[in-house]
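Right, one structure below, let's go through it.
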Amino acid sequence: MNTRRIGIIVVALVAVVAVGGIALYSTFLAGDNVSQLGLDTPAPSAAAASSATVTAPTASPAAAAPTSGPGGAAGTGELAGTWTVASGVAGYRVRETFLQQNAETDAVGRTENVTGTLTISGTPGALSLAGAALTVDMTTLRSDRDRRDEQLRGRAIESDRFPTSTFNLATPVALPANLLAGDVTLDLAGKLTLHGVVKDVTIAAQARLEADGTVVVAGSLPIRFADFGIEAPNVAGIIAVQDNGAMEFRVVFAKG
């Protein structure tokens, strides 16, 4: 085979790889543009999460003192009791790479299938978050790429094998006296079960008592995939993800 023919074949192969790489980029990476969940950023529905751009969280004024509503919390004394998830969004955020270069945006997957309860105990001025248990249906996580979602069912988080993820509060948390006045910051120490692995974690979260009597809690937690036995997806070294990401959530609780 002469040199000219070899050169033509090499050029053709490079072209095929380039076109294939662009196709992979368009399939898996391009298009994600979803801001982090926060107290002021309720996510769009899971089905539309990928196609919407959510306004980034901004500082909010102090919440108005709640009146009677779904939570029935007209004052701090009525906060004690069991609260149940009324609505919620949870999911993942990870930076993908293309030919070892970071993509311009994060890959984000979310689900609205969040269930659980929290328990507040104590008396006015000395209230604490005594317990919390949340469960996320991992099989319903959706991003803006169907092929990415299909990959995650059998690889990485393997939602087909590990359909749920849970968090259980391990240590009671004292609630600030200014809970009625505005947003409060909480460190939630507990056990996170992800990909069938249980780890002790501390989640940085914010909480707010809304005027309608509901309680909103939002937060995020950095996740190192190896800690949970998760193998970062890698497509022939062309499309891959970083070895870490984040779990994020926004949950609304109603009393009773």
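The values are calculated or read from the model by the stated rules, or taken from the named source; none is laboratory data. Note that this is a predicted model, so its numbers are computed, not measured. When we count neighbours, we look across all protein chains shown, and the Cβ atoms used for this are built from the backbone with ideal geometry, even at glycine.
With respect to THR111, determine if the residue is over 16 Å from MET247 (Cα atoms) and touching a Gly at 6+ places or on another chain (Cβ under 8 Å).
Details: over 16 Å from MET247 (Cα atoms): no; touching a Gly at 6+ places or on another chain (Cβ under 8 Å): yes.
In short, no.
Can we say ALA156 is within 17 Å of SER220 (Cα to Cα), at pLDDT below 95 and not aromatic (Phe, Trp, Tyr)? I'd like the intermediate steps shown before the answer.
Details: within 17 Å of SER220 (Cα to Cα): no; at pLDDT below 95: yes; not aromatic (Phe, Trp, Tyr): yes.
No: the conditions fail for ALA156.
Would you be able to say whether some residue in the stretch 153-168 is under 20 Å from the mean Cα position of the chain (by Cα), of a type in the set (Phe, Trp, Tyr) and over 24 Å from LEU127 (Cα atoms)? Yes, the conditions are met somewhere in the stretch 153-168. Considering only residues that are of a type in the set (A, V, I, L, M, F, W, C) and in contact with a Gly (Cβ under 8 Å, 6 or more places away or on another chain), look in the stretch 137-153 and name the one that is modelled with the highest pLDDT. Among residues in the stretch 137-153 that are of a type in the set (A, V, I, L, M, F, W, C) and in contact with a Gly (Cβ under 8 Å, 6 or more places away or on another chain), the one modelled with the highest pLDDT is LEU141. Might you check whether a residue that is under 21 Å from GLU112 (Cα atoms) and surrounded by fewer than 19 Cβ atoms within 10 Å (Cβ to Cβ) occurs anywhere in the stretch 229-244? No; the residues of the stretch 229-244 include none that is under 21 Å from GLU112 (Cα atoms) and surrounded by fewer than 19 Cβ atoms within 10 Å (Cβ to Cβ). Among the residues of the stretch 181-202, the ones that are in a loop (DSSP other than H, G, I, E, B) and over 21 Å from ALA126 (Cα atoms) come to 2 in all.
Does ALA205 fit the bill of being under 21 Å from ALA86 (Cβ atoms), part of a loop (DSSP other than H, G, I, E, B) and in contact with a Gly (Cβ under 9 Å, 6 or more places away or on another chain)? I'd like the intermediate steps shown before the answer.
Details: under 21 Å from ALA86 (Cβ atoms): yes; part of a loop (DSSP other than H, G, I, E, B): no; in contact with a Gly (Cβ under 9 Å, 6 or more places away or on another chain): yes.
In short, no.
Among the listed residues GLY182, GLY196, which satisfies the condition of being in contact (Cβ under 8 Å) with a residue 40 or more places away in the chain and of a type outside the set (S, T, N, Q)? Step through it out loud before you land on a result.
Values: GLY196 fails: in contact (Cβ under 8 Å) with a residue 40 or more places away in the chain.
Of the residues listed, the single one that is in contact (Cβ under 8 Å) with a residue 40 or more places away in the chain and of a type outside the set (S, T, N, Q) is GLY182.
Which residue is surrounded by the most Cβ atoms within 10 Å (Cβ to Cβ), if the candidates are limited to the stretch 126-180 and must be in a strand (DSSP E or B) and of a type in the set (Val, Ile, Thr)? Outline the logic, then answer.
So the first thing to find is which residues in the stretch 126-180 are in a strand (DSSP E or B), and the list is 126-137, 142, 164-169, 173-174.
In the following step, the residues that additionally are of a type in the set (Val, Ile, Thr) were identified as 135-136, 164, 166, 173.
Working: THR135: 17, VAL136: 27, THR164: 15, THR166: 16, VAL173: 20.
Only one residue fits best here, namely VAL136.
Look at ALA90 and say whether it is touching a Lys or Arg at 6+ places or on another chain (Cβ under 8 Å), in a strand (DSSP E or B), hydrophobic (A, V, I, L, M, F, W, C) and at pLDDT 70 or above.
Details: touching a Lys or Arg at 6+ places or on another chain (Cβ under 8 Å): yes; in a strand (DSSP E or B): yes; hydrophobic (A, V, I, L, M, F, W, C): yes; at pLDDT 70 or above: yes.
Criteria met by ALA90.
Taking the conditions (1) surrounded by fewer than 16 Cβ atoms within 10 Å (Cβ to Cβ); (2) farther than 19 Å from VAL94 by Cα; (3) acidic (Asp, Glu); (4) at pLDDT below 95 in turn, ASP200 satisfies each one other than (4).
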